[in-house]
Structures are given as C-alpha cells and as structure tokens.
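Notes follow the structure.
The values are calculated or read from the model by the stated rules, or taken from the named source; none is laboratory data. Note that the coordinates shown come from a computational prediction; the quantities given were computed from them, not determined experimentally. With ideal geometry, Cβ positions are generated from the backbone for all residues, glycine too; neighbour counts draw on all protein chains shown. The accessibility values were calculated without ligands, DNA or RNA, using every heavy atom of the protein model including side chains. Shrake-Rupley method; radii C 1.70, N 1.55, O 1.52, S 1.80 Å.
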Amino acid sequence: MEKILVSACPAGVPCRYDGRSKDSPQALGPVAAGRAVVVCPEGATGSTTARSPGSCGRATG
C-alpha cells in the first residue's frame, strides 16, 4: 500500500505554535487507516512548541 505524507497538527498531534492540534477529518482518516506518514515540518526544522505565532510581512518593491 502506498503511503501519503500528512502534516502533524491536522493529524491530531499537538504541535501547533500554541501547543494544540487542529484536527482535520481529511488527515485523521488516512492516519487511522495506517496509510499516512505524519510529519511536523516546523518541528523538523527545529522550531519548538509552544512558540510565538509566525507572521507574514508585506513585500515592498
């Protein structure tokens, strides 16, 4: 069976910036069925949980 990559916080892992998860049925289904590999992209880069929320700056020029 081919596996899919699923981000951790919609898969129920409490790794958001605020230390919570943001469950999504579209992510939880494949995880429960054993068809997903769960990864936290921010955690993979060394970010910690909980942390200050990120922000997007406005480009100038």
For P(r) over Cα pairs in 10 Å bins from 0, in percent the list reads [x] 22, 42, 24, 10, 2; [y] 19, 30, 22, 16, 11, 2, 0; [z] 25, 41, 22, 10, 1; the calculated value is entry [x]
Per residue, how much accessible surface does the chain expose to a 1.4 Å probe? Answer in Å², no decimals.
75 Å²
Charge dipole of the chain about the Cα centre (unit charges at C-beta), most positive-ward option of Gly19, Ile4, Val39
Gly19
Thr48 paired with Ala33, simple spin-label distance in nm, labels 7 Å along Cα-to-beta-carbon:
3.8 nm
Can you tell me the relative contact order of the chain? Whole percent, Cα pairs under 8 Å, sequence separation 6 or more.
37 percent
Using the Cα centre as the reference, give the magnitude of the dipole from point charges on the C-beta atoms of the chain (Lys, Arg: +1; Asp, Glu: -1; all else neutral), rounded to the nearest 20 debye.
100 debye
